[in-house]
């Protein structure tokens, strides 16, 4: 089943108390792909949106189904001091990161039943707009290599692959590192 384009969706900044509902969106996609869920570890940020994103002047967006008020999509932006410059990737504090990035796209997920309604594109645009409004110059994206449709979405926004890494998630997932020049 694909998303109903005539259905009304609202994309907005998350509220701090919506962590469990946001986690449910991501958990559903994790189940779909057979990934391991780690509520007290790798996914703990989702249960604490206020502390993890909103109190730091980062962003966490949600897509809400207008008919059911159910969260059907998520996307976050985390900002940080610019990483060492370059055109590929660097290891920073034992983690492979996109060179020159000063922000990262996090937690972009859409429930299977809400896909094909343009929500991924809207969530991505809101994230980029927020990053630009805060003066960000280069966005990093780390995406599991199996998320081929997501990679097409990122490419539509100008993302290019600059490297790869093994994620520190419970499954040690292989990921592509992509960058989008914002400024």
Worksheet item: How many nm is it between the label spots at residue 166 and residue 145, if each spot is 7 Å from the Cα in line with the beta carbon?
Response: 1.2 nm
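Figure the gain on full extension for residue 181 and residue 152 (residue separation times 0.36 nm, minus the Cα-Cα span) and round it to one decimal in nm.
Numbers: separation 29, 0.36 × 29 = 10.44 nm, distance 1.65 nm.
Result: 8.8 nm gained on full extension.
Could you compute the FRET efficiency for residue 24 and residue 133, with r as their C-beta to C-beta distance and R0 at 35 Å, rounded to 0.05?
Values: r = 29 Å, r/R0 = 0.82.
After rounding to 0.05, the efficiency reads 0.75.
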Discussion item. As a test, work out the antiparallel percent of DSSP beta bridges whose residues both lie in the stretch 9-181, rounded to the nearest 5.
Written reply: 90 percent
Practice prompt. Can you pull the one-decimal nm distance between simple spin-label points at residue 40 and residue 112, each 7 Å off the Cα toward Cβ?
Written response: 2.9 nm
Fill in: Extension gain (nm, one decimal) between residue 57 and residue 125, 0.36 nm per residue minus Cα-Cα
22.7 nm
Worksheet item: Which whole-percent values make up P(r) of the stretch 77-144 when all C-alpha to C-alpha distances are grouped in 5 Å steps starting at zero?
Response: 3, 16, 24, 20, 16, 11, 6, 2
Worksheet item: What list of whole percents do you get for P(r) of the chain, with Cα-Cα distances grouped in 5 Å bins up to the one holding the largest distance?
Response: 1, 8, 17, 21, 22, 18, 9, 3, 1, 0
Worksheet item: Between residue 68 and residue 94, what FRET efficiency comes out of the Förster formula 1/(1 + (r/R0)^6) with R0 = 30 Å and r the beta carbon distance, rounded to 0.05?
Response: 0.10
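Using R₀ = 30 Å, calculate the FRET efficiency as 1/(1 + (r/R₀)^6) where r is the Cβ-Cβ separation of residue 10 and residue 31; round to 0.05.
Working: r = 25 Å, r/R0 = 0.83.
For R0 = 30 Å, the calculated efficiency reads 0.75.
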Worksheet item: Relative contact order of the chain: what whole-number percent is it, with Cα pairs under 8 angstrom and at least 6 residues apart?
Response: 22 percent
Response to the item:
Quick shape check on the stretch 111-156: root eigenvalues a ≥ b ≥ c of the Cα gyration tensor, a/c under 1.5 is rounded, otherwise prolate if a/b tops b/c, else oblate, and it reads oblate
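Every read-out reported here was derived from the displayed coordinates using simple, explicitly stated rules and does not represent laboratory data. All values reported here derive from a predicted model rather than from experimental measurement. Every residue, glycine as well, gets a Cβ built from its backbone with ideal geometry; the counts of neighbours run over all protein chains shown.
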